[in-house]
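All of the numbers you see were taken from the coordinates with simple rules; none came from a lab. Values in this document were obtained by computation on a predicted structure and should not be read as measured data. Note that each Cβ is placed from the backbone with ideal geometry, even for glycine, and that neighbours are counted across all protein chains shown.
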Amino acid sequence: MESELLIPTVAVLVLTALGVYGLISKKVALLRWTLFLWALIAIIANIGGFFQDAISTKVVVLFACQAILVAPFSSTPFDSSNKTVCLDAKRISLTIVIINLFFCSAGFMDMNMGSVELTMPIRVCHGIVSAMGLMIFSRLMTWLPHFK
């Protein structure tokens, strides 16, 4: 097992569990912090190969986009009366789905991306985060006013 990916893998598993808890308990602040830290871990783990291989560059660029989109530092309170904020939330949730679904599917199609034993939990976590993004999008589409 590669020890260089062990710490990011454990951190990603913990953050995924926290994200699922934040989604179930409808704590958006916890969910946003989880997705933000998830993106930072992916960036930090791949920053060494940023200009050296294409996979690391893709990871850093896409997760930098995710970190910018879900940055929890400034947030507008969500209510269904503000159509602009609701539309932005829908776009952000779909972007999270696309980014994580890309890495989930790319990981299963190309089994040469690192050690299979170690990257399998990360691929599953990408799938879970994609499903969380779809759940957020579906909640936004039903205009649940208590999702704050």
**Request:** Using label points projected 7 Å from each Cα along Cα→Cβ, tell me how many nm separate V85 and A106, to one decimal.
**Result:** 3.3 nm
**Message:** Quick check: residue separation of Y21 and M120 times 0.36 nm, minus the Cα distance between them. What number comes out in nm?
**Reply:** 33.5 nm
